[in-house]
Amino acid sequence: MVEVSQRKLRETSFFILKLFLAGVMFRAVIFLNPDTYMIQSYLAEITKQTVNFLGLGLERDGIFLLGSEKSFVVDQDCLGWKSMSVFIALVFASTKNFLRHWKILLIGLTILSLANLLRVVSTVYLSYIGVISFDLIHNFLWQWGLSFIVLAVWVYWLKNIQNP
């Protein structure tokens, strides 16, 4: 019994240490503040095309979406990179051979990218037409929603696919 609890304590400590190291890398990216303007501009274009297909008449100027009633800026945080980083960190911390799980990383990052696109498009569309306030959908619904998606993909991987 003592050996089992010691093993679990060691595994948990190693998980926390790896998660801490991933957090240090995350903070390093924030400190370095890489230029993501081109990616932001691309996301702004995809968002503009999608919401205009849904009936809005927005124009794009770089990373700005301009409408007759409201305007939006696609900033660095709109890219969903933080959610993707958390998912990568969780997979990294949960396995002994991180690179062996490149398929789940690719699948998870694809799911998160699509969820993020849905987040940006729905936030712009629903707040523009006045169904829900920008702050409510952006700061509450999607913040929790994207966090749930990250955890759901990771837990699914842990329970059904993972082989440390």
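When LYS48 is tested against (1) more than 19 Å from the chain's Cα centre (by Cα); (2) in contact (Cβ under 8 Å) with a residue 40 or more places away in the chain, exactly one condition is not met: (2). With respect to the conditions (1) surrounded by 18 or more Cβ atoms within 10 Å (Cβ to Cβ); (2) within 30 Å of SER133 (Cβ to Cβ); (3) not β-branched (Val, Ile, Thr), TYR37 falls short on a single one, namely (1). Candidates are the residues of region 82-106 that are free of Cβ contacts under 8 Å to residues at least 40 places away in the same chain and of a type in the set (A, V, I, L, M, F, W, C); the one that is farthest from VAL155 (Cα to Cα) is LEU99.
Rundown of residues vs (1) under 24 Å from ALA44 (Cα atoms); (2) touching a Ser or Thr at 6+ places or on another chain (Cβ under 6 Å), yes/no style:
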{"site": "LEU118", "(1), (2)": "yes, no"}
{"site": "VAL121", "(1), (2)": "yes, yes"}
{"site": "HIS138", "(1), (2)": "yes, yes"}
{"site": "GLN143", "(1), (2)": "yes, no"}
{"site": "LEU151", "(1), (2)": "no, no"}
{"site": "VAL155", "(1), (2)": "no, no"}
{"site": "LYS159", "(1), (2)": "no, no"}
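Scanning region 7-45 for residues that are touching a helix residue (DSSP H, G or I) at 6+ places or on another chain (Cβ under 7 Å) and either modelled with pLDDT of 90 or more or on the phi > 0 side of the Ramachandran plot (or both) gives THR36, ILE39, GLN40, LEU43.
The values are calculated or read from the model by the stated rules, or taken from the named source; none is laboratory data. Everything numeric in this text was worked out from a predicted model, so none of it was measured. Quick reminder, even Gly has a Cβ in these numbers, built from the backbone with ideal geometry, and neighbours come from all protein chains shown.
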